[in-house]
Amino acid sequence: MFALTAITFKVNAFPQSRAGQVRSNERDGQQYVWIPPGNFRMGCSFGDGECLEGEQPVREVTITKGFWLAQTAATMRTWRKYRLAAGGASLPVMDDHGHKLNDAHADDDMPVNGLTWQEAAHLCAWAGGRLPTEAEWEYAARAGTTSVRYGDLDLIAWFGSNSGKNRLDSEKLWEADRRKYAMMLLENDNNPHAVGRKQPNPWNLYDMLGNVWQWTADWYDHGYYARAENVDPSGPPTGKLKVLRGSSWGEVPRTVRVSIRGRDEPEGRSSTFGVRCTWQ
């Protein structure tokens with residue numbers, strides 16, 4: 001449906017590109033950051049007491065090819081260009097709880113959200129790229145770090161405690177009454193925020209944690225890490241759910257971690273779902 005060879009960057013990606021170097025993609029108007037090949041430990045971070053079973057066992061992973069990854073999640077500016085050029089769908093402007101989404105915001109720097117996996121994949125194809133694999137995403141998010149997060153949570157991410165008009169103890173609210181949690185966020189005007197307003201990671205990527213979950217190419221398998229390949233893993237060949245990474249503006253701190261693995265059906269929509277494309 002989309003001609004992947006038709007898109008070029010203003011400056012081609014040569015081997016001498018360095019980590020964190022930025023290029024512009026003429027098609028989608030976004031900035032992309034060079035992620036060099038390398039090795040990392042994928043899965044539960046050192047000292048992380050919140051790890052879930054699906055984040056283990058930890059394993060050494062090698063990424064053999066460098067790639068360009070969008071510096072931020074795709075924005076409404078990008079989606080409007082895509083919609084005009086390729087007939088992309090009009091996305092929801094409000095979720096079931098009353099949060100404003102997408103075209104309900106005048107700010108073009110707001111992250112596009114509420115899109116399905118298929119819509120995310122089509123956007124990336126139109127831009128000349130694809131969805132990142134789960135391994136590529138975590139490798140880029142860590143950016144050479146090995147800790148639970150690549151910086152102080154409040155400084156690097158929008159999440160349930162800081163994404164509204166007043167500061168909340170989102171962890172305490174969640175534990176007190178999970179059924180009312182979403183409504184309490186709505187009453188506090190918690191929402192996604194314009195991209196790039198928090199501190200980037202060491203490779204110059206913004207909002208790898210918080211703001212919106214980001215779709216990846218991989219199928220989800222709870223036990224995949226125990227048998228996954230260690231070189232350029234691309235996930236299980238089939239499945240029913242797709243992996244999301246990075247957590248979101250509505251989550252409690254324990255889920256805003258580099259190794260956290262979200263998942264949903266490819267047709268799933270949520271006001272917390274966004275996308276970050278890659279190009280190679």
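Pick from Asp152, Asp108, Asp95: which is most flexible by mean-square fluctuation in a GNM of the chain where alpha carbon atoms under 10 Å apart are linked?
For the chain, modelled as a Gaussian network with Cα springs under 10 Å, the answer is Asp152.
Give the dimensionless ratio obtained when the Cα radius of gyration of the chain is divided by 2.2 N^0.38 Å.
Ratio of Rg to 2.2 N^0.38 Å for the chain: 0.94.
Can you tell me which of Tyr32, Tyr150, Tyr181 moves the most in a GNM of the chain? Springs connect C-alpha atoms under 10 Å apart.
Of the options given, Tyr181 has the highest mean-square fluctuation.
What spacing in nm lies between the two simple spin-label points modelled at Glu265 and Gln118, each 7 Å away from Cα in the Cβ direction?
Each label point is offset 7 Å from its Cα along the Cβ direction, giving 1.2 nm.
I want the antiparallel fraction of DSSP beta bridges within the chain, as a percent rounded to 5.
90 percent
Per residue of the chain, what 222 nm ellipticity follows from adding -39500 (n - 2.57) for every DSSP H run with n ≥ 4, rounded to the nearest 500?
Details: 6 runs with 48 residues, N = 280.
Result for the chain, helices only: -4500 deg cm²/dmol.
In the stretch 143-233, with Lys and Arg counted as +1 and Asp and Glu as -1 at Cβ, which of these residues, Pro233, Thr145, Val195, has the Cα nearest the positive end of the dipole, that is, farthest along it?
With unit charges placed on the Cβ atoms, the residue in question is Val195.
Lysines near Lys65 by alpha-carbon distance under 27 Å, same-chain residues fewer than 8 away left out - which ones?
Lys10, Lys242
Can you spot the aspartates and glutamates whose alpha carbon is less than 16 Å from Lys180's alpha carbon? Ignore those fewer than 8 places along the same chain.
Straight-line reach from Lys180, under 16 Å: Asp95, Asp96, Asp169, Glu171, Asp189, Glu251.
Given Cβ point charges of +1 (Lys, Arg) and -1 (Asp, Glu) and nothing else, what value in debye, to the nearest 20, does the dipole of the stretch 18-279 about its Cα centre take?
With only Lys, Arg, Asp and Glu charged at Cβ, the dipole is about 460 debye.
A short reminder: the numbers here are calculations on the coordinates, not readings from a lab. Note that the structure is a prediction, hence the values are computed from the model and not measured. When we count neighbours, we look across all protein chains shown, and the Cβ atoms used for this are built from the backbone with ideal geometry, even at glycine.
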